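Have a look at the structure below before the remarks.
Nothing in this text is a laboratory measurement; each read-out follows from the coordinates by a stated rule. What you see is a predicted model, and the numbers here were worked out from it, not measured in a lab. FYI the Cβ positions are ideal-geometry reconstructions off the backbone, even for glycines, and counts take in every protein chain you see.
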Amino acid sequence: MTYTTIQYEQRDHTVCITLDRPERLNAISEEMVRELREAYSTVENDESVWTLIMTGNGRALCVGADMSKASTDEEWGPGIDTQGEPLLSSFRQWDAPQEATPPYLQMTKPVICAVNGMAAGAGLDLVTTADIVIASETATFFDPHVSIGLTSGREVVRLARVLPVNIAMRMALMGKQDRLGAQRAYDLGLVSEVVPEGALRARAWEIAEAVNKNAPLAVRGTRLAIRKGLSLPVYEAELLAESYRLRVAQTDDALEGPRAFFEKREPRWRVR
């Protein structure tokens with residue numbers, strides 16, 4: 001696969017997608033959106049891939065939409081990015097814009113986000129929708145929408161689901177005037193680990209390898225139970241989680257795990 005705005009690397013059962021427009025702080029272009037959509041589809045549909053890492057090259061993870069487009073594209077302001085399609089001719093245009101975000105509510109495979117620098121605007125989506133987030137000591141987080149005359153939409157809604165509401169509100173209303181550093185983000189639970197700048201990617205691969213030691217279908221069922229359950233009342237969320245547990249219990253791997261435990265050996269997952 002050949003891409004111009006991202007890098008796609010697979011090691012064993014893990015793929016790392018790296019946003020690769022460092023000269024633009026990995027701002028999201030139409031081409032990047034198209035390439036990411038293709039890459040995410042490949043990850044989800046490739047049976048050899050169990051876990052996805054998202055990160056960026058240069059000084060930023062992603063600073064949101066490419067502002068060079070905002071200054072010339074009349075459709076950008078209302079937030080309807082047609083990408084060459086007739087207006088409102090596809091479900092994508094009716095749905096909340098996803099831009100660089102993995103289809104986290106439709107995909108099964110876990111996502112690790114390694115925040116290498118600035119995460120701003122739509123770049124925050126990569127943080128708030130990831131399943132495990134780690135950050136470099138140099139990472140910063142902010143939402144500049146109101147500072148450039150725009151309402152913060154889905155970005156701040158997602159942010160308010162993973163941060164205390166008053167912190168998310170402060171970030172949203174202060175715009176680029178307020179930035180969270182890596183340690184503050186860790187203290188607030190936005191990230192689960194802060195590592196030295198030079199060790200970020202290696203640590204992300206280590207975490208992915210640790211996740212991949214577990215039964216892949218059990219990991220996916222557990223992830224889906226949490227993700228889907230977050231939008232449901234507790235009782236319905238419990239029933240949904242149990243339905244995923246029962247499905248996975250019928251797989252070969254559900255037999256292999258206990259068998260390997262009693263035989264004192266590493267399990268051989270077949271993802272079946």
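When the alpha carbon coordinates of region 127-237 are projected onto the principal axes, the ranges are 46, 42, 21 Å, largest first.
Dividing the alpha-carbon Rg of region 86-155 by 2.2 N^0.38 Å yields what? Let's see the in-between values first.
Working: Rg = 13.9 Å, N = 70, 2.2 N^0.38 = 11.1 Å.
With N residues counted in region 86-155, Rg over 2.2 N^0.38 Å equals 1.26.
Distance from the Cα centroid of region 14-71 to that of region 138-198 is 20 Å (rounded to whole angstrom). Bridge orientation summary for the chain: considering DSSP beta bridges with both residues in this region, about 25 percent are antiparallel. Given a Förster radius of 41 Å and the C-beta distance between E31 and A260 as r, what FRET efficiency does 1/(1 + (r/R0)^6) yield to the nearest 0.05? The value I calculate is 0.35. Given a Förster distance of 30 angstrom, what is the FRET efficiency for Q177 paired with E206, based on the Cβ-Cβ distance and rounded to 0.05? Efficiency for this residue pair is about 0.25. Calculated on C-alpha atoms, the gyration radius of region 6-212 divided by its Kirkwood radius gives an Rg/Rh of 0.95.
If R0 equals 45 Å, the separation of the Cβ atoms of V248 and E193 corresponds to a calculated FRET efficiency of about 0.95.
Between T138 and V271, the modelled labels are 3.4 nm apart [label points 7 Å from Cα along Cα→Cβ]. The amide H of E137, built 1.01 Å from its N in the peptide plane, has V195, E197 as neighbours under 5 Å, considering only residues 5 or more places off or on other chains.
The H on the amide N of G56, modeled in the peptide plane, is under 5 Å from the matching H of L19, N116, each at least 5 residues off or on a different chain. For the listed peptides 120-126, 107-113, 266-272, a ranking on the average number of other beta carbons within 10 Å per residue, highest first, reads 120-126, 107-113, 266-272.
Tally the DSSP beta bridges in region 107-206 and give the antiparallel ones as a percent, rounded to 5. Approximately 15 percent, going by the DSSP bridge assignments. Close Lys pairs in the chain (alpha-carbon distance under 30 Å; sequence gap of 8 or more, or different chains): 6.
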